[in-house]
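**Q** One structure coming up, written as structure tokens, with questions to follow.
The values are calculated or read from the model by the stated rules, or taken from the named source; none is laboratory data. From a predicted model like this one, the values you see are computed outputs, not experimental measurements. Here the Cβ positions follow ideal geometry from the backbone for every residue, glycine too, while neighbour counts run over all protein chains shown. Accessible surface is based on the protein model in full, side chains and every heavy atom, while ligands, DNA and RNA are left aside. Shrake-Rupley method; radii C 1.70, N 1.55, O 1.52, S 1.80 Å.
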Amino acid sequence: MKKIIIMMAFVFGVFNSYGFTESESEVNDFRLPSYRMLNFSFSKVEIKYNKKLISLLVLPKTPKDFVELQIKASKGDAASNYLLFFLYYDDSNCSEKSTILRKNPHENCLIALDYLNKSVEINPKFEASLYKLAYFNQQGIGMAVDVKKSADYYQQVAILEGSYRHIAMRELSNMYLYDFQQTDKAKYYINLCAKEGDELCKFMDSSWDRTLKYSPYIIKAKERERQSKSE
């Protein structure tokens, strides 16, 4: 009991030192940031596809900034939830930077996914978050692999006609060919994507016959991979 009281006093002291009252910290379940979170920066790839969105986000540099970001997110701001997703994801075992296996997500990974899902709940057309959910379900990052759910998210991304549209269409083509084995739909997405000028889709479209020729081998390899993971 004594340890709990000391810990609560410490937390309240930290909040108060950054301008927050005890009542604010009691009512809201705010968390304090790690050193990595306060030194986070977006990758070049993220900036490439989300340049406008990222330009509007203010990265927290102090604990007070971090708590203010949580307050904003709790009031229904999708972009703030998206940023908090990245801050927690980057500091978790689900991150590409992590040297720990991502099969069993740690707390920060689960918190990150919660913020990611909240951003889509707030704004169902939040493209950046929809793409992440599509990719995570496809790769099994922080969750079990769910190809059908992944495809659904990719379809939502493609419909939005944003910066991730052509990536989503390429992934949908691969899924319909190798996972769902629906050749017509696979070809449809590649044709449409190629007509819109995507260079990789143009290449995939031009080599379609070759892709079909070797697709049975890839399908078998995927089936063996799924079996080995389930064992």
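**Q** Pairs 48/118; 44/187; 132/185; 44/185; 185/220: which are spaced more than 27 Å apart, C-alpha to C-alpha? Intermediate results must be reported in sequence, preceding the final value.
**A** On the way: 48/118 24 Å; 44/187 31 Å; 132/185 23 Å; 44/185 32 Å; 185/220 20 Å.
Result: 44/187; 44/185 exceed 27 Å.
**Q** Right, something else. For residue 89, what accessible surface area do you get with a 1.4 Å probe? Give it in Å², rounded to 10.
**A** About 10 Å², rounded to the nearest 10.
**Q** May I ask you to rank 127, 225, 121 by accessible area, largest first, using a 1.4 Å probe over the protein chains only? Mind showing how you got there, number by number?
**A** Numbers: 127 35, 225 90, 121 140 Å².
Reading off the accessible areas and sorting them downward yields 121, 225, 127.
**Q** Measuring from centroid to centroid over Cα atoms, what is the spacing of region 131-194 and region 67-84 in Å?
**A** Spelled out, the Cα-based centre of one part sits 28 Å from the other.
**Q** Taking the mean number of other Cβ atoms within 10 Å as a proxy for protection, how do you rank 218-224, 184-190 from highest to lowest?
**A** Values: 218-224: 11.7, 184-190: 18.9.
Order by mean packing, descending: 184-190, 218-224.
**Q** Can you work out the Karplus-derived ³J(HN,Hα) for every residue in region 172-181? Use 6.51 cos²θ - 1.76 cosθ + 1.60 with θ = phi - 60°, whole Hz, and x for glycine or proline.
**A** Listing the rounded values in order: 5, 4, 5, 5, 5, 7, 9, 9, 9, 6 Hz.
**Q** Please calculate how many Å² of accessible area region 135-223 carries per residue, with a 1.4 Å probe and no DNA, RNA or ligand atoms counted.
**A** Value for region 135-223: 55 Å² per residue.
**Q** Under 15 Å Cα-Cα from residue 195, which aspartates and glutamates qualify once same-chain neighbours fewer than 8 residues away are excluded?
**A** 161, 205
**Q** Further question: Can you give the FRET efficiency for residue 209 and residue 148, using 1/(1 + (r/R0)^6), R0 = 30 Å, r = Cβ-Cβ distance, to the nearest 0.05?
**A** Efficiency, rounded to the nearest 0.05: 0.60.
**Q** With the cut-off at 23 Å, report for region 95-231 the share of all Cα pairs above it, as a whole percent.
**A** The calculated P(r) of region 95-231 puts 41 percent of pairs beyond 23 Å.
**Q** Along region 51-59, what does the Karplus equation 6.51 cos²θ - 1.76 cosθ + 1.60 (θ = phi - 60°) give for ³J(HN,Hα), rounded to whole Hz, x for Gly and Pro?
**A** 4, 5, 4, 5, 5, 8, 8, 10, 6
**Q** Could you tell me the accessible area of residue 58 in Å² (1.4 Å probe, neighbours in place), rounded to the nearest ten?
**A** 120 Å²
**Q** Moving to a separate point now. Arranged from highest to lowest average of other beta-carbon atoms within 10 Å per residue, in what order do the peptides 128-135, 204-211, 150-157 appear?
**A** The packing order, highest mean first, is 128-135, 150-157, 204-211.
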